[in-house]
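K.L.:
So that we are looking at the same thing, I have put the structure below in structure tokens.
The values are calculated or read from the model by the stated rules, or taken from the named source; none is laboratory data. In this text, all values refer to a predicted model and were calculated from it rather than measured experimentally. Here the Cβ is made from the backbone with ideal geometry for all residues, glycine too, and neighbour counts use every protein chain on show. Only protein heavy atoms, including side chains, enter the accessible area calculation; ligands, DNA and RNA are left aside. Shrake-Rupley method; radii C 1.70, N 1.55, O 1.52, S 1.80 Å.
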Protein chains: 2
Amino acid sequence: MPNPVEFYFDFSSPYAYFAADRIDRMVGDFGRDCVWKPMLLGAAMKETGAAPPVKVPIKGDYVKNDWARLARFQDLKWTMPDPFPIATVAAARAFYWIDGQDPAKAKAFAWDCFTTFFGEGKDISSKETVAAIAARQGFAEDDVLAALEDEAVKQRLKDETSTAVTNGVFGSPFFIVDGEGFWGADRLWMVKRWLKAGGW
Amino acid sequence: MPNPVEFYFDFSSPYAYFAADRIDRMVGDFGRDCVWKPMLLGAAMKETGAAPPVKVPIKGDYVKNDWARLARFQDLKWTMPDPFPIATVAAARAFYWIDGQDPAKAKAFAWDCFTTFFGEGKDISSKETVAAIAARQGFAEDDVLAALEDEAVKQRLKDETSTAVTNGVFGSPFFIVDGEGFWGADRLWMVKRWLKAGGW
């Protein structure tokens, strides 16, 4: 069985939303699984000194226009969220807690977070909102709220984030295929060619 | 006659080299001309606070690997230059001076700068090296050296750079198609679709 493709992202990353829409299908065409790995991008940004693109002069206007046109291109619903960016620790913790029980439900939860945040423009930073989204996958809201305070769940997210940074992840989305890293939703073509050719 | 596509770049940008290899042919397929507009990216970086990617922790290693694999992919010669990045004011001034006389020669000169710097890894920051490259397009080296100190030539580069920043250019390469901006060598697919559909 070939290695799964790793998909690193922060729930507050629009480009991750655009990639999440396509990555499983694309990777599946090459007989690979895709493992979704939410992380806290802020930890990587401490290393790189980067700022969220929307906060950067000139670039901020560019990315807002770019997100809207990518949504049109991929036929995805798009609402520029406000506030943005947001804290995603609750969503990421909930993801790993669900993932420990049912990875398919964790992906469905993650996609629901993306469409709620970027499709409908609703803030998903609070524990209550995250619990309500998890409830749509059949989890009791009280169980989710308890899991968000669970030390093992908290540690899992810390470990995943620090492993990501150690593996060279500095942006979102970021893909690793057999040790080779690819940054950005606009590099899916390159991931595809790499999968096809086994490098080049 | 439709508007030409504008191609903004800094001569010290590897991604501009990869885009320069393809942009004229791609744009020409849609009956458009492409105008090459070298600029000093440092001026944009003052506005955005961005650092050259190669200097950024983690990202620096990523881009070096990325440049090498893009060169393999596009079948272009690649040598990681040292020193890097370099000052490109001489190359950019020479470009505009040549462009005032013969735009086709200016593009040939620019491509020669790219292949000398990124293909052979030779420093092209000095006036003498720039003059030697321009000489390969039939210009006398003394005339080039004089032009590099010409006030009108200096002002042209300042104006082009400040117009670029005003137009929203914050990185290299950057393309503008009928007022719509596209950042990055990995967005040529998007420029192509925009040209084809007239937006979407």
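K.L.:
From the set of residues in the range B:134-170 that are among the aliphatic types (A, V, I, L, M) and in contact with an Asp or Glu (Cβ under 8 Å, 6 or more places away or on another chain), which is nearest to B:PHE182 (Cα to Cα)?
P.N.:
Within the range B:134-170, the match that is nearest to B:PHE182 (Cα to Cα) is B:VAL165.
K.L.:
Looking at the range B:168-194 only, could you name the residues that are over 14 Å from A:TYR62 (Cα atoms), among the aromatic types (Phe, Trp, Tyr) and within 8 Å of chain A (Cβ to nearest Cβ)?
P.N.:
B:TRP189
K.L.:
If you don't mind, there's one more thing I want to ask. Could you give me the residue pairs with C-beta distances under 6 Å whose first residue belongs to the range B:131-151 and is open to solvent by less than 60 Å² (accessible area, probe 1.4 Å), whose second residue is among the charged types (D, E, K, R) wherever it lies, and which are 6+ apart or on separate chains?
P.N.:
Once the first residue is open to solvent by less than 60 Å² (accessible area, probe 1.4 Å) and sits in the range B:131-151, its partners that are among the charged types (D, E, K, R) give B:ALA131/B:GLU141; B:ILE133/B:ASP112; B:ALA135/B:GLU141; B:GLN137/B:LYS105; B:LEU145/B:LYS127; B:LEU148/B:ARG93; B:LEU148/B:LYS127.
K.L.:
Another one. From the residues in the range B:152-167 that are buried (at least 19 other Cβ atoms within 10 Å of the Cβ) and either of a type in the set (Gly, Ala, Ser) or within 13 Å of chain A (Cβ to nearest Cβ) (or both), which one is farthest from B:ALA20 (Cα to Cα)?
P.N.:
If we take residues in the range B:152-167 being buried (at least 19 other Cβ atoms within 10 Å of the Cβ) and either of a type in the set (Gly, Ala, Ser) or within 13 Å of chain A (Cβ to nearest Cβ) (or both), then B:VAL165 is farthest from B:ALA20 (Cα to Cα).
K.L.:
Here are the criteria: (1) open to solvent by less than 40 Å² (accessible area, probe 1.4 Å); (2) on the phi < 0 side of the Ramachandran plot; (3) within 14 Å of chain A (Cβ to nearest Cβ); (4) part of a loop (DSSP other than H, G, I, E, B). Tell me which single one B:GLY199 does not satisfy.
P.N.:
(2)
K.L.:
Let me ask you something else. Across the range B:121-137, what is the number of residues that are of a type in the set (Asp, Glu) and under 17 Å from the mean Cα position of the chain (by Cα)?
P.N.:
Total satisfying the criteria: 1.
K.L.:
Let me ask you something else. Would you mention how many residues in the range A:77-89 are open to solvent by less than 60 Å² (accessible area, probe 1.4 Å) and either within 13 Å of chain B (Cβ to nearest Cβ) or over 24 Å from B:GLY198 (Cβ atoms) (or both)?
P.N.:
Result for the range A:77-89: 7.
K.L.:
Something else: Do any helices (runs of 4 or more DSSP H) lying entirely in the range A:15-107 carry at least 1 residues that are at pLDDT 95 or above and over 22 Å from A:PHE182 (Cβ atoms), and which ones are they?
P.N.:
Working: elements: A:23-28, A:41-48, A:59-74, A:89-99.
Ranges flagged: A:59-74, A:89-99.
One line per residue, one yes/no per condition, for (1) open to solvent by 40 Å² or more (accessible area, probe 1.4 Å); (2) in contact with a Lys or Arg (Cβ under 8 Å, 6 or more places away or on another chain); (3) more than 20 Å from B:PHE109 (Cα to Cα):
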{"site": "B:ARG25", "(1), (2), (3)": "yes, no, no"}
{"site": "B:ASP33", "(1), (2), (3)": "yes, no, no"}
{"site": "B:LYS37", "(1), (2), (3)": "no, no, no"}
{"site": "B:GLY42", "(1), (2), (3)": "yes, no, yes"}
{"site": "B:GLY49", "(1), (2), (3)": "yes, no, yes"}
{"site": "B:VAL56", "(1), (2), (3)": "no, no, yes"}
{"site": "B:TYR62", "(1), (2), (3)": "no, no, yes"}
{"site": "B:ASP66", "(1), (2), (3)": "no, no, yes"}
